[in-house]
Amino acid sequence: MTQKQKAEARRTLETESSPVRAISITSGKGGVGKTNITANLAIALAQQGQEVLVWDADLGLANIDVLLGLNALYNINHLLNGEKTLEEIIIEGPKGIKIMPASSGVQEMANLGEGQKMRLLNELDHYRAKLDFLLIDTGAGISANVMYFNMAAQERIIVVTPEPTSITDAYALIKVMTTKYNAKKFRILVNLVENSREAKDVFTLLGAVADKYLGSISLDYLGFIPTDEYIPKSVLKQQPVLDLYPSAECSKYFKNLAKQLLNTPTGGGLDGNIKFLWKRLLKI
Ligand SMILES: Nc1ncnc2c1ncn2[C@@H]1O[C@H](COP(=O)(O)OP(=O)(O)OP(=O)(O)O)[C@@H](O)[C@H]1O
Ligand SMILES: [Mg+2]
């Protein structure tokens, strides 16, 4: 990016700020429920009148469109190489949520060329006025790409289950983000539990280890989603559980999760403005 382009981009970011909340949904271990949580949280937020864009940032196996039974014709690659605009690649899901599909062939965000960064910045900037929330469904683990999105987001929701490996992997993820990237705030959502007591035990255990070895970081308990047979049922039917089985036990929890996020504006400690996302993503 030239100095002039950088100055222009900075000016745009500084003058037109809109209060979009960029939240990553992430985990140390795979298969803990991130994609289901992202999709249903997006729908619950939409039901509360919010405009939501879901960014499928899992470069391994892109699957939020499959989960929702949607057919993505294009993906972010088409935007990056200039073939399509953001509007053209975005698909619409239930309750009007928007989805930016990923592709397993897409290159790592950290390695984008200057032209690609500019294109993405312009497209996102154009679109942001329409948004209240940007939910980023990341891959699992501590790869550069996962870190990239987690650090770009203002708020990070770490999904953890009672499985010991899920807890140790969540700790590993928090440790890398804290020690290498200086992130201090994390929100913890416990999935696949029987009840609130089990969820709090998981949170307490994770908190105790983090406290002991990582010192002054802030882990914020965001609640839990119970194990519910209607989730796998809805996955088989390729429809979000909240839409298909609105009175299922877990649906109540997804709605509460959305309410809780709406009631607690910025868990990330930043100014609640999406310009941070663009700036960090594009390093301008
Ligand atoms: N609360 C729940 N109750 C019952 N089953 C669940 C629950 N949450 C997730 N599952 C099941 O767990 C499986 C994994 O969920 P999902 O694909 O959302 O995980 P993920 O973290 O996105 O995985 P990956 O790391 O591969 O992207 C799904 O088959 C889903 O049906
Ligand atoms: Mg997933």
Would you please calculate the Kirkwood hydrodynamic radius of the range 158-275 over all C-alpha pairs and express it in Å, rounded to one decimal?
15.6 Å
When DSSP beta bridges are limited to those with both residues in the range 47-190, what percentage is antiparallel, rounded to the nearest 5?
15 percent
Please give the residues of the range 192-230, grouped as numeric ranges, whose backbone N is less than 16 Å from a label point set 7 Å along the Cα-to-Cβ vector of GLU249.
192-200, 224-230
On the formula 1/(1 + (r/R0)^6), with r taken between the Cβ atoms of GLU83 and GLN3 and R0 of 41 Å, the FRET efficiency rounded to 0.05 is 0.90
Within the chain, which is the longest segment containing none of the trypsin sites (Lys or Arg not before Pro) that sit in a DSSP loop and have at most 16 other Cβ atoms within 10 Å?
1-179
Helix 164-179: inclination vs the chain longest Cα principal axis, degrees, rounded to 10, gives 40 degrees
Whole-Hz couplings from phi, Karplus 6.51/-1.76/1.60, listed for the range 132-149; x for Gly and Pro:
9, 10, 10, 9, 10, 8, 8, x, 8, x, 10, 5, 4, 5, 4, 4, 4, 5
Please compute the Kirkwood hydrodynamic radius of the range 71-228 from all pairs of different C-alpha atoms, in Å with one decimal.
17.6 Å
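Taking the Cβ of SER143 as the centre, find all other residues whose Cβ is under 11 Å away and add up their charges (Lys, Arg: +1; Asp, Glu: -1).
Details: positive: none; negative: ASP58, GLU108.
Residues near SER143 contribute -2 overall.
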Antiparallel content of DSSP bridges confined to the chain, in %, to 5
5 percent
If you average over every viewing direction, what projected area does the convex hull of the Cα atoms of the chain give, in nm²?
13.8 nm²
Search the structure for amide H atoms under 5 Å from the amide H of ALA183, placed 1.01 Å from N in the peptide plane, and list their residues when 5 or more places away or on another chain.
THR178
Computed over the chain: longest principal axis from alpha-carbon atoms vs helix 249-263 long axis, angle to nearest 10 degrees, is 50 degrees
Leaving out same-chain residues fewer than 8 places away, which lysines sit with a Cα under 26 Å from that of LYS233?
LYS29, LYS34, LYS95, LYS98, LYS252, LYS255, LYS259
In whole Å, largest first, the alpha carbons of the range 78-155 cover along the principal axes 32, 27, 23
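Since every read-out is calculated from the coordinates, none of them should be taken as a lab result. All of these numbers come straight from a predicted model, not from anything done at the bench. Don't worry about glycine lacking a Cβ; one is built from the backbone with ideal geometry, like all the others, and counts go over all protein chains shown.
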